[in-house]
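Peer 1: My questions will all concern the structure given below.
The values are calculated or read from the model by the stated rules, or taken from the named source; none is laboratory data. This structure is a prediction, so every number in the text was calculated from the model and none was measured. When we count neighbours, we look across all protein chains shown, and the Cβ atoms used for this are built from the backbone with ideal geometry, even at glycine. For the accessible areas, the whole protein counts, side chains as well, though only heavy atoms, and no ligand, DNA or RNA atoms are used. Shrake-Rupley method; radii C 1.70, N 1.55, O 1.52, S 1.80 Å.
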Amino acid sequence: MAAHQEKKLAQERKHKTTQNDTQTSQVQWGRAWEVDWFSLASILFLLMFAPLIVYYFIMSCDQYQCSLTDPLIDLLTGNKHLSDIWHKTPMLTSRAAGIYSLWVAFQVVLYMFIPDFCHKVLPGYVGGVQEGAVTPAGVVNKYEINGLQAWIITHVLWFANAYYFHFFSPTIIFDNWIPLLWCANILGYAVSTFAMIKGYCFPTNAKDCKFTGNFFYDYMMGIEFNPRIGKWFDFKLFFNGRPGIVAWTLINLSYAAKQQELYGQVTNSMILVNILQGIYVLDFFWNEAWYLKTIDICHDHFGWYLGWGDCVWLPYLYTLQGLYLVYHPVQLGTANAVGILILGLIGYYIFRVTNHQKDLFRRTDGNCRIWGKKPEYIECSYMSVDGTKYYSKLMTSGFWGWARHFNYTGDLMGSLAYCLACGFAHILPYFYIIYMTILLTHRCIRDEHRCFSKYGKDWKRYTAAVPYRLIPGIF
């Protein structure tokens, strides 16, 4: 009798422990379960004003030669009304709708129906079917990594058309830039709305969904962790990588073609922007398998933040330097051009090597050498929703011993180089470095809050070992 009672009490304690572990783990991954007033206010602001910000920047270039102040001065002095600016804005056209629909459909075909062959012919490239990180529910998704292949096929066809077939002008993107903006908005809102409906009605994995009960927060930050259609069409991987990032280099090439058409030459600043941003895009696709371990895939849910952001914000605001140089061509002195190139390449080197060190450490479980020495690390543990205990290691060697997010430092150096290529006549091309500084600083704080919730006291040990976030000795 006593033995039976003791066994029953032990089972109750175990059940209670599992419940507590599950409750604790609910804040370990992804977005919040509850919405505070500041988060809600921020989300309402972004939902209302982010589309207007994009429109304002593009309109400023189209109607005011990239001046961000002249439209406001005109409105405040009464020289123009909002209706005057709106009526001068190109509207959606059937041509733009056709171009955009064909573009997205083509990227879907490349993503879904052409298995990767690059990993079979390119030494060191990791492609084909790869596994992602474990989700909160303990699921490990598989992905078809073929972004590099999609980028190559797309650009081979682009150059083949530009030099041989001449089906369309290389300036086609610039010439339809604002009508294409409306198409991108339609897709961004459509996919975000569909993702929310899917999360409520037919989620891919119900255990990986989060509901706050607040419509705006759930719409913005997403409900489903990894929404999918069928086995392979993963919303996050497709919209994060395709069609926006594949288009990034095509957009810049279209800007360069327009500069050639208007002025009879392509300036060295435009070439620098194309080269440095092209390196960044190629790096993304070369390391797409590594991207499966980043915050976007491992922690963010799929909502308007990613759906609309990848369709509109990324292609329209990440390419402002090239757009600016169409309206204000800048021919840099040799020393300035070389200095900007070196800054961009050093930034890329830090970004890539830092990420490579982390990837090598993870793949070998610490059985590797960083800067010629066996890496040091903090061992941590955490729980998944189902109560399973996992272990991981946080490296404190190499660049990761300098700062907890030193890869972001390299990213910011590259971002600054893009902007410096445009000179100092206007603030508009510097939006990117301002935005990236805010974004990556916020991401540092958000990621560290999540890690503290996930690892607890082990995270405190890690931050004591690596006290700086971005800049050693400063921040």
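Peer 1: Quick one: how many residues across the range 106-129 are in contact (Cβ under 8 Å) with a residue 40 or more places away in the chain, open to solvent by less than 50 Å² (accessible area, probe 1.4 Å) and either assigned to a strand (DSSP E or B) or among the hydrophobic types (A, V, I, L, M, F, W, C) (or both)?
Peer 2: So the count comes out to 2.
Peer 1: Residues that are without any contact (Cβ under 8 Å) to a residue 60 or more places away in the chain and open to solvent by less than 50 Å² (accessible area, probe 1.4 Å): does the range 400-412 have at least one?
Peer 2: From the range 400-412, those without any contact (Cβ under 8 Å) to a residue 60 or more places away in the chain are 407; that's our starting set.
Those still in the list that are open to solvent by less than 50 Å² (accessible area, probe 1.4 Å) too: 407.
Looking for residues that are without any contact (Cβ under 8 Å) to a residue 60 or more places away in the chain and open to solvent by less than 50 Å² (accessible area, probe 1.4 Å), one finds at least one in the range 400-412, hence yes.
Peer 1: Another one. Of the numbered conditions (1) surrounded by fewer than 17 Cβ atoms within 10 Å (Cβ to Cβ); (2) among the hydroxyl-bearing types (Ser, Thr, Tyr); (3) part of a helix (DSSP H, G or I), residue 154 satisfies every one except a single condition; which is it?
Peer 2: (1)
Peer 1: A further question follows. Condition test on residue 96, is it assigned to a strand (DSSP E or B), out of contact with any Gly (no Cβ under 6 Å at 6 or more places or on another chain), small (Gly, Ala, Ser) and surrounded by 12 or more Cβ atoms within 10 Å (Cβ to Cβ)?
Peer 2: Taking the combined requirement at face value, the residue does not satisfy it.
Residue-by-condition table, conditions (1) in a helix (DSSP H, G or I); (2) among the hydrophobic types (A, V, I, L, M, F, W, C):
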residue: 347; (1), (2): yes, no
residue: 353; (1), (2): yes, yes
residue: 356; (1), (2): yes, no
residue: 359; (1), (2): yes, no
residue: 367; (1), (2): no, no
residue: 379; (1), (2): no, no
residue: 391; (1), (2): no, no
residue: 394; (1), (2): no, yes
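Peer 1: Go through the range 424-475 and count every residue that is over 30 Å from residue 317 (Cα atoms), open to solvent by less than 30 Å² (accessible area, probe 1.4 Å) and of a type in the set (A, V, I, L, M).
Peer 2: 1
Peer 1: Could you grab me the full set of residues in the range 374-384 that are open to solvent by less than 40 Å² (accessible area, probe 1.4 Å) and under 21 Å from residue 467 (Cα atoms)?
Peer 2: 375, 378, 380, 381
Peer 1: Does residue 455 qualify as being closer than 30 Å to residue 320 by Cα and not assigned by the TED database to the domain that holds residue 206?
Peer 2: Details: closer than 30 Å to residue 320 by Cα: no; not assigned by the TED database to the domain that holds residue 206: yes.
Considered against the rule, which asks whether it is closer than 30 Å to residue 320 by Cα and not assigned by the TED database to the domain that holds residue 206, residue 455 comes out as no.
Peer 1: Conditions: (1) open to solvent by 50 Å² or more (accessible area, probe 1.4 Å); (2) outside any strand (DSSP E or B). Residue 142 meets all but one. Number of the miss?
Peer 2: Residue 142 satisfies all of (1) open to solvent by 50 Å² or more (accessible area, probe 1.4 Å); (2) outside any strand (DSSP E or B) except (2).
Peer 1: Can you name the condition, by its number, that residue 266 falls short on among (1) open to solvent by less than 10 Å² (accessible area, probe 1.4 Å); (2) more than 30 Å from residue 144 (Cβ to Cβ)?
Peer 2: Of (1) open to solvent by less than 10 Å² (accessible area, probe 1.4 Å); (2) more than 30 Å from residue 144 (Cβ to Cβ), only one is false for residue 266: (1).
Peer 1: Still on this structure, please answer the following. Return the residues of the range 349-366 that are more than 15 Å from residue 416 (Cβ to Cβ), touching a residue at least 60 places away in the same chain (Cβ under 8 Å) and either aliphatic (A, V, I, L, M) or crowded, with 21+ Cβ neighbours inside 10 Å (or both); say none if nothing qualifies.
Peer 2: Once the filter is applied, which keeps residues that are more than 15 Å from residue 416 (Cβ to Cβ), touching a residue at least 60 places away in the same chain (Cβ under 8 Å) and either aliphatic (A, V, I, L, M) or crowded, with 21+ Cβ neighbours inside 10 Å (or both), the range 349-366 yields only 355.
Peer 1: Moving on. Among the residues of the range 215-241 satisfying the criterion of being more than 27 Å from residue 45 (Cα to Cα) and of a type outside the set (A, V, I, L, M), which is least open to solvent (accessible area, probe 1.4 Å)?
Peer 2: The residue in question is 234.
Peer 1: Take the range 194-212 and flag every residue that is in contact (Cβ under 8 Å) with a residue 12 or more places away in the chain and open to solvent by 30 Å² or more (accessible area, probe 1.4 Å).
Peer 2: Those that are in contact (Cβ under 8 Å) with a residue 12 or more places away in the chain and open to solvent by 30 Å² or more (accessible area, probe 1.4 Å): 200, 203, 204, 205, 207, 211, 212.
Peer 1: Taking the range 325-345, which residues are assigned to a helix (DSSP H, G or I), surrounded by fewer than 20 Cβ atoms within 10 Å (Cβ to Cβ) and touching a helix residue (DSSP H, G or I) at 6+ places or on another chain (Cβ under 9 Å)?
Peer 2: 327, 334, 336, 337, 339, 341, 342, 343, 345
Peer 1: May I pose another question? Within the set of pairs 6+ apart or on separate chains, which have a first residue in the range 450-475 that is at pLDDT 85 or above, a second that is in a loop (DSSP other than H, G, I, E, B) and among the small types (Gly, Ala, Ser), and C-beta atoms under 8 Å apart?
Peer 2: Qualifying pairs under 8 Å: 466/403; 468/403; 469/403; 470/403; 471/403; 472/403.
Peer 1: Ok, one more. Where in the range 161-228 are there helices (runs of 4 or more DSSP H), lying wholly inside it, with at least 3 residues that are modelled with pLDDT of 95 or more and of a type in the set (A, V, I, L, M, F, W, C)?
Peer 2: Because the criterion is at least 3 residues that are modelled with pLDDT of 95 or more and of a type in the set (A, V, I, L, M, F, W, C), the helices (runs of 4 or more DSSP H) in the range 161-228 that meet it are 172-175, 177-201.
Let's see how each residue does on (1) of a type in the set (S, T, N, Q); (2) in contact with a Phe, Trp or Tyr (Cβ under 6 Å, 6 or more places away or on another chain); (3) on the phi > 0 side of the Ramachandran plot; (4) surrounded by fewer than 19 Cβ atoms within 10 Å (Cβ to Cβ):
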| residue | (1), (2), (3), (4) |
| --- | --- |
| 347 | no, no, no, no |
| 372 | no, no, yes, yes |
| 395 | no, yes, no, no |
| 398 | no, yes, yes, no |
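Peer 1: Ok, one more. For the range 283-324, name all the residues that are assigned to a loop (DSSP other than H, G, I, E, B) and over 17 Å from residue 228 (Cα atoms).
Peer 2: Hits for the range 283-324 are 287, 293, 294, 318, 319.
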